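A quick write-up on the structure given underneath.
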Protein chains: 2
Amino acid sequence: MRNVRLEIAYDGSRFFGWQRQEGFPSVQEALEDAYRCLTGDTVVVHGAGRTDTGVHALRQVAHLHVETKLDDDRLRHALNAHVAPGVVVRRLETCRDDFHARFDARGKRYMYLVATTRFRPPFGEKLMHWCEQPLDLVRMRAAADAFVGEHDFSALASAGSPRKSNVRRIRSLHFLARRERFAFVVEGDGFLYNMVRTIAGTLLDVGRGKLEPRAVHEILASRDRKLAGPTAPPEGLYLVSVLYDESVFPRRDRGPRGAPGVFQY
Amino acid sequence: MRNVRLEIAYDGSRFFGWQRQEGFPSVQEALEDAYRCLTGDTVVVHGAGRTDTGVHALRQVAHLHVETKLDDDRLRHALNAHVAPGVVVRRLETCRDDFHARFDARGKRYMYLVATTRFRPPFGEKLMHWCEQPLDLVRMRAAADAFVGEHDFSALASAGSPRKSNVRRIRSLHFLARRERFAFVVEGDGFLYNMVRTIAGTLLDVGRGKLEPRAVHEILASRDRKLAGPTAPPEGLYLVSVLYDESVFPRRDRGPRGAPGVFQY
């Protein structure tokens, strides 16, 4: 029996989210089924976090306990050969027995990708959010700074499972822009339910002129979800990476790649 | 009654090719249906050329005769609002009554897009051809030069409708490469059935070491389809643009854009 850690990319438009649910294909199920196909064994794949229907991942992290003679490299290849299309195991390695993808995570990085083309994108329309209206990126950048730091994010979270505290720390929020696409990348030690999508919806309202950049401070202070922008649609959202202590998992490659479109973040 | 010229992008993986066929959704049908939805009128949309199932277009050209009070700009918007997802009318303009998208075409430009990632791409797998084996781009570039110019391309065409001559002129064939993707773009005054896909299959065989670059001369001279490489799959192929006399249609924008992936050609 050994514990293996996976880094997984997936196209969220092909699944009903990460978590296994009876009757709805999920990424977790796709991986568990691939392993059972391969070995006959039933396993549980523990993800670092759930992603909702339509939300993509470039490097979701998961762990599972396996009993197989296949070494890491062969196991990764075999899983990739059996897993449903739209899922790829990018990295697989044997790790400490007590590594836990969720409990050991120290933070997450998400990207929200927006197309600002004049026309609805004919390619990959489920891989980005299309905004028809013109957006003012200067205003959006100004508003974004207000989110950075430690705040009570009650105004930017959907009602989900009750939590002890809605205080979270955003370490950075920056923009990438190229031609008619842009993305913002946000890193934090944790995120409330729908928090990144509500930040996206709020920033888009600022970009459209519906909200002033300085309003973000008031929205945060109000803790009132009704003041923030709408929850932006899932197709623009990517879980870019899950962050662990470097000592536990030295990064082999700098920066996760493989995002569709112009951003190979 | 006026004649309008369209430039259309489409995701070929969502259609059974360009041409209308009973019971199989096609791009032509999607456009004709959109126009009928809008006006109640039945029209025929004439394309510059057919594309097969799975083959994409960045700027396919078509014309149709319409009787509507909508001006060009509104007609384009209205068509885009009604047409099936995966099709976008990028440009629409009233043109000479006798303009014919197919008969007036002076050439075409195609792109073949290849992903050379270590793993099957989780995103947009139907928008490019994935090659697992390493490819030697230097060899491929050397082989590509042999296709340029006027040749009898019998060795590189699938048996299709009989034609007077299999001589065609390729004006240019060049490569674009970035990170783990590359494409070649080929421009010619005309192409035989499956010719670009067979050129792609032959170049990929050269890249893999199955064929020598100099073999291309012999393959062309043989006129024997069995000597060339296989017909590469449709998902990598894009009709980039259709070329007309500049005097007839001055280009408003330089170079068609909007290809998925790293190539915004």
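The values are calculated or read from the model by the stated rules, or taken from the named source; none is laboratory data. Just so it is clear, the structure is predicted and the values come from calculations on it, not from any experiment. FYI the Cβ positions are ideal-geometry reconstructions off the backbone, even for glycines, and counts take in every protein chain you see.
Scanning segment A:98-127 for residues that are within 14 Å of another protein chain (Cβ to nearest Cβ) and among the hydroxyl-bearing types (Ser, Thr, Tyr) yields A:Thr116, A:Thr117. Output yes when any residue across segment B:139-158 is away from every other protein chain (no Cβ under 14 Å) and free of Cβ contacts under 8 Å to residues at least 24 places away in the same chain, and no when none is. Scanning segment B:139-158 turns up at least one residue that is away from every other protein chain (no Cβ under 14 Å) and free of Cβ contacts under 8 Å to residues at least 24 places away in the same chain.
Inside segment B:53-69, residues that are away from every other protein chain (no Cβ under 12 Å) and either among the charged types (D, E, K, R) or without any contact (Cβ under 8 Å) to a residue 24 or more places away in the chain (or both) make up a count of 2. For segment B:156-176, a residue qualifies if it is modelled with pLDDT of 95 or more and either hydroxyl-bearing (Ser, Thr, Tyr) or not in a strand (DSSP E or B) (or both), and exactly one does: B:Ser172. Within segment B:5-44, the set of residues being closer than 18 Å to B:His77 by Cβ, within 23 Å of the chain's Cα centre (by Cα) and either within 14 Å of chain A (Cβ to nearest Cβ) or crowded, with 21+ Cβ neighbours inside 10 Å (or both) comprises B:Arg5, B:Leu6, B:Glu7, B:Ile8, B:Ala9, B:Tyr10, B:Ala30, B:Leu31, B:Ala34. For B:Val87, state whether it is in contact (Cβ under 8 Å) with a residue 40 or more places away in the chain and touching a Lys or Arg at 6+ places or on another chain (Cβ under 7 Å). So B:Val87 does not fit the description; no. The residues of segment B:1-34 that are free of Cβ contacts under 8 Å to residues at least 60 places away in the same chain and among the charged types (D, E, K, R), listed by number, are B:Arg20, B:Glu22, B:Glu29, B:Glu32, B:Asp33.
Look at (1) at pLDDT below 95; (2) surrounded by fewer than 16 Cβ atoms within 10 Å (Cβ to Cβ); (3) more than 17 Å from the chain's Cα centre (by Cα) and you find that A:Arg181 fails only one, number (2). A:Gly86 meets each of the listed conditions (1) within 14 Å of chain B (Cβ to nearest Cβ); (2) surrounded by fewer than 16 Cβ atoms within 10 Å (Cβ to Cβ) apart from (2). The single condition among (1) modelled with pLDDT under 95; (2) within 18 Å of the chain's Cα centre (by Cα) that B:Val196 does not meet is (1).
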